[in-house]
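As structure tokens, the structure follows; a few thoughts come after it.
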């Protein structure tokens, strides 16, 4: 692994340190600086197909700044430092993820093998599980981060910034009619934790099960079983649906459907027989946020109509809430605050901040990625397409900023890098075929066409160039694991 990989390793493997320092998802802004310098020195810079849509999205966000002082009907508030800070933080994040994608795509496979990047995401999954368990076992744990101490109150005290820089392990909400802690560490809020763990578990399975040996597979099973506890305690219906979409995708596109269906059925039975099933039933019977979401989505669309091309640059506060036009935040009712428009999903944030044009560009970017990479049947290719599908689903219910968008775009970079893997080199080592009813991967040593590159893996990657002999190609499929 090349020294040029250190910014990516610092972001993914070192994420808990950034969280403890108070940077959390903002760490990508810090690390984008050295990545940009290294990229500049490596000119010319390669760009992936379809990335022009993301550049247009960013350009549209720059133009939307001219509407920061506007007040659409049904909202209130004037141009303030808080609104400008929110805009600048989002702009910095959009620029940072753009730099990160280009940085990853311009690293060679010798510098950063695909499997190494996948396992870095797997390391962040382990951190996420640990943070989730801490949120369940010690929900009141929090501390003041160094960054929080350094920032002046007019910046650090802003609610949006406070959520990003103050380390907490859970959000306590009355989803079930009583105070219930929802895990969020090491991310900015509970919904971000749910979105991220559903993405990271995909790469964890690819890196530790599909490409793993016996020890890694045992560890994989144990960690996923542990992850089930905070996943259930998160009370996150969107996360549960996202996991269901992932299972359905793997079953439909996999080649070992009987084994996969057997594993899914066994997991469902174990969950039904465990005490966790009671929590799931209570959550499904308590549609806590439906009315709130319906109100904010309706108000967001109504406001966006008044600036459909460039939006308003940032969120706005609506008059009232889903109960009354006169409600507002007080000392005795902190949940009565005016809901910010665009707070219930990336799609709605784009509508209010960048208009229908920005929302269309965002959707087109992910649809284009799915179309271009659908035929990539390698484990990394199929996993990346699944993440693109989840990004489109989650845009209705989850904010993309801060950390979720990082996961989506790193997954996009993995798809891009997967198109030009290095040629096959090194000895081929046969593996056992179809053990445990097809749950473990099968390798078929059929020869590719002369000069045809292997569509996945990298130097030193199991399943990549170092594991296959001249003229041999391991056809390890996502559905085989």
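The values are calculated or read from the model by the stated rules, or taken from the named source; none is laboratory data. Fair warning: this is a prediction, and the values are worked out from it, not measured in the lab. Positions of Cβ are backbone-derived with ideal geometry, glycine not excepted, and every protein chain shown enters the neighbour counts.
Inside segment 75-107, residues that are surrounded by fewer than 17 Cβ atoms within 10 Å (Cβ to Cβ), part of a loop (DSSP other than H, G, I, E, B) and touching a residue at least 12 places away in the same chain (Cβ under 8 Å) make up a count of 1. Only a single criterion out of (1) at pLDDT 95 or above; (2) over 21 Å from residue 302 (Cβ atoms); (3) buried (at least 16 other Cβ atoms within 10 Å of the Cβ) is not satisfied by residue 64, namely (2). Checked against the criterion of being at pLDDT 90 or above, loosely packed, with under 14 Cβ neighbours inside 10 Å and not in a loop (DSSP other than H, G, I, E, B), the candidates 221, 207, 238 yield just one match: 221.
Just give me the residues in segment 39-54 being more than 20 Å from residue 347 (Cβ to Cβ) and part of a helix (DSSP H, G or I), in sequence order. Residues satisfying the conditions are 39, 40, 41, 51, 52. Flag set for residue 377, criterion: modelled with pLDDT under 95 and farther than 24 Å from residue 307 by Cα. In summary, residue 2 fulfils each of the numbered conditions (1) over 22 Å from the mean Cα position of the chain (by Cα); (2) surrounded by fewer than 15 Cβ atoms within 10 Å (Cβ to Cβ); (3) modelled with pLDDT of 95 or more with the single exception of condition (3).
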